[in-house]
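Asks: Input: one structure, supplied below.
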Amino acid sequence: MIRVEGLSFRHHGAPTPVVKNVTFSVPNGGIAVLLGPNGSGKTTLFKSIAGLWKPCAGKVLLNGREMAHLSFRERARLLAVVPQEHAPPFPYTVLEAVLMGRAPYVGPYASPSRQDRQKALHALDAVGISALADRPYTGISGGERQLTLIARALTQETPILLLDEPTSHLDFRNQHKVLEMVGRIASREGLTVLMTLHDPNLAACFAHRVVLLKAGEMMAEGTPAEVLTERHLERLYDIGIGIASDTERRFIYPKSAFVVPEAFNTVPEG
Amino acid sequence: MRIKTVLLIAAPFVAAFFSLFIGGYTISPLNVLHALKSGLCGAGSQEAAIVLDIRLPRIILAGLSGLALSTSGATLQAVLRNPLVDPFILGISSGAAFGCAVTIGFAPFIPLQAAAFLGGGAAVLIACLIARTAVGEMSRLSLVLSGVIVSAFFSAMVSLIKFFVDQMKLQSIVYWLMGSFSVADWSQVRSAGIGIFLGSLPVFLLRWRLNVISMGDEEARTLGVNVSRKRLIFISAATLAATSAVAVSGIIGWVGLMVPHLVRMMVGPDHRRLIPLSMAGGATFMILADTAARNLTEFDIPVGIVTALAGAPFFIYLMKRSGRESWGR
């Protein structure tokens, strides 16, 4: 379980905090999504919860233990972070990159053991990219790299998983593939998941809880049905929002005043 | 993979063994073996003294220095996430040279090794502080540039010292700076060996952590690594190893940058293999370079000239051929 209590964050030397008094929790085995426009403090909140940035007030509890009192090693056994896509300076193989997830368990003067290697291979299998194990990490596609990072997080064997915009560099298909994968593994392993996303439709598909963040403050929190309403989303994004729904799905779309000019819709006669 | 590893680990010993047979004073191979045997049992001739007290310590010192410089280069490249740095580029060598020049010129009571470490440590600290922005990020380019600045500053300071000291001291500083093992003896092997051992051992033991740290500070932290502490350990160890080598051999460029890259091209970037094989590769390269330096001409030319002459074209060739794979992007 993740519990965030009255968390505020202020950048060094800045007069006002960028994240103000945020309180919410993610129950065990739940998937929560953090939604908010650019500059809403989403990334800041994410990094504070990941333990990378120190909040100026409030606290984060991981399975009942206060994060601020834990060492990096202890944190890494409770909480695994999937960062946004990045390019490492050296072309490690996919397997070597995934093995790094064993760092919180490997002794300071030791290297990963055969068992650690087995766990890494197992995680690669779980995300379905075993075939890439010996490929250089720099030479695979963005979607495959995201899966590698998820496999690395799984080898950390933590009860909690944090994902920072896991879909931001992925195409239409891979966005769904990756989130489906996360959802399936999370429910199978009973993981508690918190991720940031840009697309409210993806949140509606995959989240149990949604947290809306605007200008550093928590606007609303609840189930997707409670929170992802026209009224909330219009306030969140400052644009007109419509929701089309049938019996199974709801589709959130922006009400745009722009219409493709008629002239371009017809082929000119030649 | 396994064959390459075995060959690389054996290489420095093979190179050292053959290097014993080559030298300005011609000694028949049989007599070299004889001398080695007499070294084990005591009792020696003049030829035995040449092999045991001149060639052997020189070869060992060259090997140790090569090991130290390439270990240091590989470590710095990983910790600073920058394939372009080595002890020379970051100014560690110049800083150490400054420390040594001060000792030779004005303060002979300070041990050379300590002066070199202090100078080199100051240089790397200043270079990192200049390169660091307010947020604490270090861009690759700014780190290289600040290394160049620090390097230039300490070189200028060395020149200043050279200008003020007397002829005798000037000569010894100049010759020492060119990078040479020509005055190697067992006491140098001992004094450099301690620092090189103390610097290389933590790197060797902690080498898998270099993989994790090279992913970046934030990622390494989320993987449970105390980055600030580990980075301090790694940079101090790399500095100690490099400055210990500089203190006995002067400034020898290229080895720290080139050898880790060569090894990476051969066995990949995983530091579990890269560190021990860079040690072996660095030792081999330096032994070969020094053997060439003392035998190519009638004179004992500074080995720093040989490493640069051999290193630059070789490196260009490898960079053109397979540089992309090794440099990541």
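Asks: Just name the residue that is nearest to B:GLY121 (Cα to Cα) out of those in segment B:218-229 that are of a type outside the set (Gly, Ala, Ser) and within 9 Å of another protein chain (Cβ to nearest Cβ).
Replies: Going through segment B:218-229, the residues of a type outside the set (Gly, Ala, Ser) turn out to be B:218-219, B:221-223, B:225-227, B:229.
Still in the list and also within 9 Å of another protein chain (Cβ to nearest Cβ): B:218-219, B:221-223, B:225-227.
Values: B:GLU218: 25, B:GLU219: 27, B:ARG221: 25, B:THR222: 29, B:LEU223: 29, B:VAL225: 24, B:ASN226: 21, B:VAL227: 19 Å.
Selected residue: B:VAL227.
Asks: In segment A:1-75, which strands (runs of 3 or more DSSP E) lie fully inside it and hold 1 or more residues that are closer than 25 Å to A:ARG188 by Cβ and not hydrophobic (A, V, I, L, M, F, W, C)?
Replies: Values: elements: A:2-9, A:19-26, A:31-35, A:57-62.
Those strands (runs of 3 or more DSSP E) span A:2-9, A:19-26.
Asks: Please verify whether A:ALA220 is aliphatic (A, V, I, L, M) and either over 23 Å from the mean Cα position of the chain (by Cα) or over 30 Å from A:ASN63 (Cβ atoms) (or both), treating the condition exactly as stated.
Replies: Values: aliphatic (A, V, I, L, M): yes; either over 23 Å from the mean Cα position of the chain (by Cα) or over 30 Å from A:ASN63 (Cβ atoms) (or both): no.
Judged against the criteria, A:ALA220 is not a match.
Asks: Here is a further query. So is A:ALA50 surrounded by 20 or more Cβ atoms within 10 Å (Cβ to Cβ), touching a Phe, Trp or Tyr at 6+ places or on another chain (Cβ under 6 Å), within 13 Å of chain B (Cβ to nearest Cβ) and among the aliphatic types (A, V, I, L, M) or not?
Replies: Numbers: surrounded by 20 or more Cβ atoms within 10 Å (Cβ to Cβ): yes; touching a Phe, Trp or Tyr at 6+ places or on another chain (Cβ under 6 Å): no; within 13 Å of chain B (Cβ to nearest Cβ): yes; among the aliphatic types (A, V, I, L, M): yes.
No.
Asks: Taking only segment A:129-144 into account, find how many residues are more than 12 Å from chain B (Cβ to nearest Cβ) and touching a helix residue (DSSP H, G or I) at 6+ places or on another chain (Cβ under 7 Å). If you could, list the steps in order and put the result at the bottom.
Replies: Looking only at segment A:129-144, we keep the residues that are more than 12 Å from chain B (Cβ to nearest Cβ), and these are A:129-133, A:140-144.
Imposing the further condition that a residue be touching a helix residue (DSSP H, G or I) at 6+ places or on another chain (Cβ under 7 Å) reduces the set to A:129-130, A:132-133, A:140, A:143-144.
Counting residues in segment A:129-144 that are more than 12 Å from chain B (Cβ to nearest Cβ) and touching a helix residue (DSSP H, G or I) at 6+ places or on another chain (Cβ under 7 Å) gives 7.
Asks: Additional query: Give the residues of segment A:106-127 that are within 13 Å of chain B (Cβ to nearest Cβ) and in contact with a Gly (Cβ under 8 Å, 6 or more places away or on another chain), sorted by residue number.
Replies: If we filter segment A:106-127 for residues that are within 13 Å of chain B (Cβ to nearest Cβ), which is where we start, we get A:106-113, A:116-117, A:120.
If the condition is that a residue be within 13 Å of chain B (Cβ to nearest Cβ) and in contact with a Gly (Cβ under 8 Å, 6 or more places away or on another chain), then A:ALA120 is the only one that fits.
Asks: Pick out, from segment B:208-289, the helices (runs of 4 or more DSSP H) lying fully within it that include 1 or more residues that are surrounded by fewer than 24 Cβ atoms within 10 Å (Cβ to Cβ) and β-branched (Val, Ile, Thr). Before you say what the answer is, go through the steps one by one.
Replies: Details: elements: B:217-222, B:227-249, B:255-267.
In segment B:208-289, the matching helices (runs of 4 or more DSSP H) lie at B:227-249, B:255-267.
Asks: Among the residues of segment A:153-185, which ones are among the small types (Gly, Ala, Ser) and under 17 Å from A:LEU34 (Cα atoms)?
Replies: So the first thing to find is which residues in segment A:153-185 are among the small types (Gly, Ala, Ser), and the list is A:153, A:168, A:183.
Matches in segment A:153-185: A:SER168, A:GLY183.
Asks: Given the conditions (1) more than 11 Å from chain B (Cβ to nearest Cβ); (2) farther than 25 Å from A:LEU213 by Cα; (3) under 19 Å from the mean Cα position of the chain (by Cα), which single one is not true for A:ALA87?
Replies: A:ALA87 satisfies all of (1) more than 11 Å from chain B (Cβ to nearest Cβ); (2) farther than 25 Å from A:LEU213 by Cα; (3) under 19 Å from the mean Cα position of the chain (by Cα) except (1).
For (1) within 14 Å of A:LEU35 (Cα to Cα); (2) in a strand (DSSP E or B), each residue gets a yes or a no:
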residue: A:MET195; (1), (2): yes, yes
residue: A:LEU212; (1), (2): yes, yes
residue: A:ALA220; (1), (2): yes, yes
residue: A:LEU233; (1), (2): yes, no
residue: A:LEU236; (1), (2): yes, no
residue: A:GLY242; (1), (2): no, yes
residue: A:VAL260; (1), (2): no, no
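Asks: Tally the residues that are over 21 Å from B:ILE275 (Cβ atoms) and assigned to a helix (DSSP H, G or I), restricting the search to segment A:102-132.
Replies: Qualifying residue count, segment A:102-132: 12.
Asks: Could you list, ordered by first residue, the pairs with Cβ atoms under 7 Å in which the first is in segment A:231-244 and surrounded by 13 or more Cβ atoms within 10 Å (Cβ to Cβ) and small (Gly, Ala, Ser) and the second is outside any strand (DSSP E or B) and modelled with pLDDT under 90, at least 6 apart or interchain?
Replies: Every condition considered, the pairs that remain are A:GLY240/A:LYS255; A:GLY242/A:LYS255.
The values are calculated or read from the model by the stated rules, or taken from the named source; none is laboratory data. Everything numeric in this text was worked out from a predicted model, so none of it was measured. Positions of Cβ are generated from backbone atoms using ideal geometry, with glycine treated the same way; all protein chains shown enter the neighbour counts.
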